[in-house]
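Worksheet: the structure to be examined is printed underneath.
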Amino acid sequence: MGSTHDYEIDARNENIMIYIDGQFFHRSDAKVSVMDSGYLLGDGVWEGIRLYNGSLMHIDKHLDRLYNGAKAIEMDIQLSKKQMQSAIRATIEKNAMLSDVHIRLIVSRGIKKTPYQDPKVTIGDPTIVIIPEYKKASEAVKLNGITLGTVKTIRDNRTQDPRINSLSKHNCIAACIEAGKMGVDEGLMLDPNGNVSTCNSTNFFIVRNQEVWTSTGEYCLNGVTRSNVIDLCNKNNVEIFERDFLLSDVHSANEVFVTGTFAGIIPVISVDGKMIGDGTRGHLTKKLQEWYALDIERLSRQEGQK
């Protein structure tokens, strides 16, 4: 099938300039120290941000999540949100980018004086990296959908808070590896109580009798697109519930879809080998995709008028 991160190859990405701590480096020369906390320990936070028609989509929500995550792990980013947004804008301008760009913003705790986990051995300020790439999501995946399989890797808070967009992604990577071995596109993860939580790189929704269900949010990343879909349902009089539900509810659902910043809303055509609906994109999923696209256009126009 495909992946939620399938994109059109763009040769311009070979010569992008990457921001590292206030300086720009050609992609081939962009490097951080092997003593960096992010490399040594996955100690830091990150965001994926979409640039569309010159506008940074949902930038306030993304920066709020970044800074809240940093606060949760007791890391002072040093830059203000306004300064961070200026750095992102400078990176876009350096690369003369306008649209169909995906930006990876990474903040690690910084350089260590020795390879040890204690933040006390960190030297200096956090390391800030901004990687912009021309990335247009695959239209085929948005239309034809993906397959999911339930994995054994649990999404829980016993080792780390799953709501933080942490650089330490082992939990999701383990689920991704499982999914690959199962021959499906993404892994569907349960919470410690056996309820459906999330996928390894996207948030998860089902449609039952014209109602949209998603997890309580306790054991999944507080996705920006997830929150936008909830808002769109409320605005368009579609009943939406954040609740606990089981795999049996998923297998008998009328529609299933997943969400993420990069691709937006993607239909799911089968889960655990069981066909969802008639195995094609569902009616409500299609409507949500349309509403989401219109909302992105509206936001970009608003930003352009500022």
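The values are calculated or read from the model by the stated rules, or taken from the named source; none is laboratory data. All of these numbers come straight from a predicted model, not from anything done at the bench. Because the Cβ atoms are built from the backbone with ideal geometry, glycine has one as well, and the counts that use them run over all protein chains shown.
When we screen Thr114, Thr153, Thr159, Thr147 for residues that are in a strand (DSSP E or B) and not aromatic (Phe, Trp, Tyr), the only hit is Thr147. In the stretch 258-280, of all residues being within 30 Å of Gly54 (Cβ to Cβ) and assigned to a loop (DSSP other than H, G, I, E, B), the one that is nearest to the chain's Cα centre (by Cα) corresponds to Thr261. If the condition is being part of a loop (DSSP other than H, G, I, E, B) and closer than 30 Å to Tyr292 by Cα, then the stretch 1-33 contributes Met1, Gly2, Ser3, Thr4, His5, Asp6, Glu8, Ile9, Asp10, Ile16. Annotation: of all residues in the stretch 1-33 being hydrophobic (A, V, I, L, M, F, W, C) and more than 17 Å from Leu105 (Cβ to Cβ), the one that is surrounded by the most Cβ atoms within 10 Å (Cβ to Cβ) is Met1.
Mind listing just one residue for me: the one in the stretch 169-191 that is farther than 22 Å from Phe205 by Cβ and in a helix (DSSP H, G or I) and, of those, nearest to the chain's Cα centre (by Cα)? Here the residue is Ile173. Which of the residues belonging to the stretch 275-306 are of a type in the set (Lys, Arg), surrounded by fewer than 21 Cβ atoms within 10 Å (Cβ to Cβ) and within 15 Å of Val207 (Cβ to Cβ)? Across the stretch 275-306, the qualifying residues are Lys286, Lys287.
Just wondering, is there one or more residues in the stretch 126-137 that are in contact with an Asp or Glu (Cβ under 6 Å, 6 or more places away or on another chain), of a type outside the set (A, V, I, L, M) and either surrounded by fewer than 15 Cβ atoms within 10 Å (Cβ to Cβ) or modelled with pLDDT under 95 (or both)? Yes, the stretch 126-137 contains at least one residue that is in contact with an Asp or Glu (Cβ under 6 Å, 6 or more places away or on another chain), of a type outside the set (A, V, I, L, M) and either surrounded by fewer than 15 Cβ atoms within 10 Å (Cβ to Cβ) or modelled with pLDDT under 95 (or both).
Just one of the listed residues (Asn254, Asn209, Asn234, Asn228) is more than 24 Å from Ile177 (Cα to Cα), without any contact (Cβ under 8 Å) to a residue 24 or more places away in the chain and more than 12 Å from the chain's Cα centre (by Cα), namely Asn234.
Taking Leu190, is it among the aliphatic types (A, V, I, L, M), modelled with pLDDT of 95 or more and under 26 Å from Ile164 (Cα atoms)? Considered against the rule, which asks whether it is among the aliphatic types (A, V, I, L, M), modelled with pLDDT of 95 or more and under 26 Å from Ile164 (Cα atoms), Leu190 comes out as yes.
All of (1) in the same structural domain as Gly69 (by TED's automatic domain parsing); (2) modelled with pLDDT under 95 hold for Thr122 with one exception: (2). Within the stretch 34-57, if we keep just the residues that are of a type in the set (D, E, K, R) and part of a strand (DSSP E or B), the residue that is surrounded by the fewest Cβ atoms within 10 Å (Cβ to Cβ) turns out to be Asp36. Put simply, of Asp100, Asp64, Asp60 the only residue that is surrounded by fewer than 21 Cβ atoms within 10 Å (Cβ to Cβ), in contact with a strand residue (DSSP E or B) (Cβ under 9 Å, 6 or more places away or on another chain) and free of Cβ contacts under 8 Å to residues at least 60 places away in the same chain is Asp100. Looking across the stretch 215-264, just one residue is closer than 30 Å to Asp100 by Cα, among the basic types (Lys, Arg) and surrounded by fewer than 21 Cβ atoms within 10 Å (Cβ to Cβ), and that is Lys235.
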